[in-house]
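See structure below.
The values are calculated or read from the model by the stated rules, or taken from the named source; none is laboratory data. All of these numbers come straight from a predicted model, not from anything done at the bench. Neighbour counts are summed over all protein chains in view; Cβ atoms, including those assigned to glycine, are modelled from backbone coordinates with ideal geometry. Note: areas computed on protein heavy atoms with side chains; ligands, DNA, RNA excluded. Shrake-Rupley method; radii C 1.70, N 1.55, O 1.52, S 1.80 Å.
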Amino acid sequence: MAKMSFFFLGFVLSAVCILFTSSCCYAETTHDQLHELTHTIQLTSLLPSTFCDSSSKADERKSALKVVHKHGPCFQLNRDNKAKSPVSHEEILRLDQSRVDSIHSRLRSKKQSGSRGGDIQETDAVNIPAKHGSVVGSGNYIVTVGLGTPKKDLSLIFDTGSDLTWTQCQPCLGSCYQQQESIFDPKVSKSYINISCSSALCNSLVSATGNTPRCSLTTCVYGIQYGDSSFSAGYFGRETLTLTSTDVIPNFVFGCGQNNDGLFGGAAGLIGLGRHPISLVSQTAQKYNKIFSYCLPSSSSTTGHLTLGNSGSVSKSVKFTPLSTKFSGSSFYGLDVTGITVGGKKLPISASIFSTSGTIIDSGTVITRLPPTAYSSLKSTFRQLMSKYPTAPALSILDTCYDFSKYTTISVPKISFTFNGGTEVSLDAKGIFYVNKVTQVCLAFAPNGDDSDAATFGNVQQKTLEVVYDVAGGRVGFAPGGCI
């Protein structure tokens, strides 16, 4: 009877808990749910450091290069130029918008007419016009490679939105900007060869750069201008590219720039990782099977990696989604977004919003851009879940900002993207905010001008993720903890 009464009492108490949602019954469950739905972030972890933590998976991987941010202390030039004023966040975001505008312009141009070029004309390498601005801005992350025989180490920005690889070259017949290393001189390399202006390779520059190449005597002359008005022009040539001590690429096609100017942050040039035949990915297809991966570091004071090929060190937890066919005719890598979740709540966004715009993943765009309809839903839900924190003024294109100066830890709703095939990618805590200062920490998303403009999955959101591009397999994969 006593046992029966105890059982009955337990049953009644359970019923009371169910009816009145007593905190005693749900305290543990609620804590677990909160952990699943939010990030608890130490505020100090969001703030930049003036010291470089250079530990990286690149040291452990075959065919891997260390990745550093061009504005951070891990890039040697920034350590050497401590007196130089850093680039402001407003300027970084302004240039980011220029890049996005350039991407949209390039995609519209491709859709309307494709890339058409005229006859190759005689010119001086210094004065080649590069006026179309049909190539996107230059990106933020840097790797060091060797060029020439004997090899000369050069710091180059890598960019999935660009195809042509180029570096500044001696002699600077027009202008050259300041870079970390001394400028490459093809005359002291035993392996440099000019490419003829009558070759098919020279003609391929039309679709790779948006500009018709020129001819200086018999040598092909390239010209490329970026969306932020940076440019490079010079001879088109072949050279030996050394990625690591065991990864040497002979006869690599690149631009040897003798007239260069722009906002390259001290890098010697750029590595193009797009889908065009002259990109690094295509030129090394036989060696690396059109597979590469990277992890962008959690902050500008830490390092990541760029890995060519499938070295066997790619995380087994990588989840793949097919490359979108919407951008198959361009150099961009497209994704099919099917939904966004904030704090465990799937946003009420029609699938047609994402299918109309399409989405590209881009290593060089800082802030993720969404169709205005999708951004409005994300912003509204995020603000609601962050309502206990004081707001701060907008920062350039970022309109949802907070003042965390009175907090040591904050709770932030988790954000995840769902891609075609049901692949769900949860953003790292560092992939949610863009930090100007402790009194102005902003949601790192912004709206496009129109729902029809291509969305962009930017590099803030990619932080710490292992991002795997299996171009030959037609898919892109994601895994957490890619840099550690």
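For the range 256-268, 3J(HN,Hα) computed residue by residue from phi via the Karplus equation (6.51, -1.76, 1.60; θ = phi - 60°) reads 9, x, 10, 9, 9, 7, x, 9, 9, x, x, 5, 7 Hz, glycine and proline entered as x. Taken about its Cα centre, the range 219-360 carries a charge dipole of roughly 600 debye when the Cβ of each Lys and Arg holds +1 and the Cβ of each Asp and Glu holds -1.
Close amide-amide hydrogen proximity is noted between PHE184 and GLN170, each under 5 Å apart and 5 or more residues distant or on a separate chain (H modeled in the peptide plane; Pro and chain starts excluded).
For CYS197, nonlocal amide neighbours, meaning residues 5 or more places apart or on other chains whose placed amide H falls under 5 Å from its own, are THR219, CYS220. The phi-based Karplus calculation (6.51 cos²θ - 1.76 cosθ + 1.60; θ = phi - 60°) puts the 3J(HN,Hα) values of the range 210-224 at x, 10, 6, x, 10, 10, 10, 6, 10, 9, 5, 10, 9, x, 9 Hz, whole numbers, x for Gly and Pro. Annotation: peptides 317-329, 61-73, ranked by per-residue average of other Cβ atoms within 10 Å with the highest first, follow the order 61-73, 317-329. Residues whose amide H falls under 5 Å from that of THR391, counting only those 5 or more places apart or on a different chain, are ASP403, with hydrogens built in the peptide plane.
When the residues PHE51, PHE404 are ordered by accessible surface, computed with a 1.4 Å probe over the protein chains alone, the sequence from largest down reads PHE51, PHE404.
Each of ARG108 and VAL87 was given a label point 7 Å from its Cα along the Cα-to-Cβ line. The distance between the two points is 2.5 nm.
Please give the peptides 293-306, 198-211, 272-285 ranked by average Cβ packing (other Cβ atoms within 10 Å per residue), highest first, as a rough proxy for protection. Before the final figure, lay out each step's value.
Details: 293-306: 23.9, 198-211: 18.9, 272-285: 22.4.
Highest-to-lowest ranking by the protection proxy: 293-306, 272-285, 198-211.
3J(HN,Hα) along the range 440-446, derived from phi through the Karplus expression 6.51 cos²θ - 1.76 cosθ + 1.60 where θ = phi - 60°, amounts to 8, 10, 10, 4, 8, 9, 8 Hz, with x in place of Gly and Pro.
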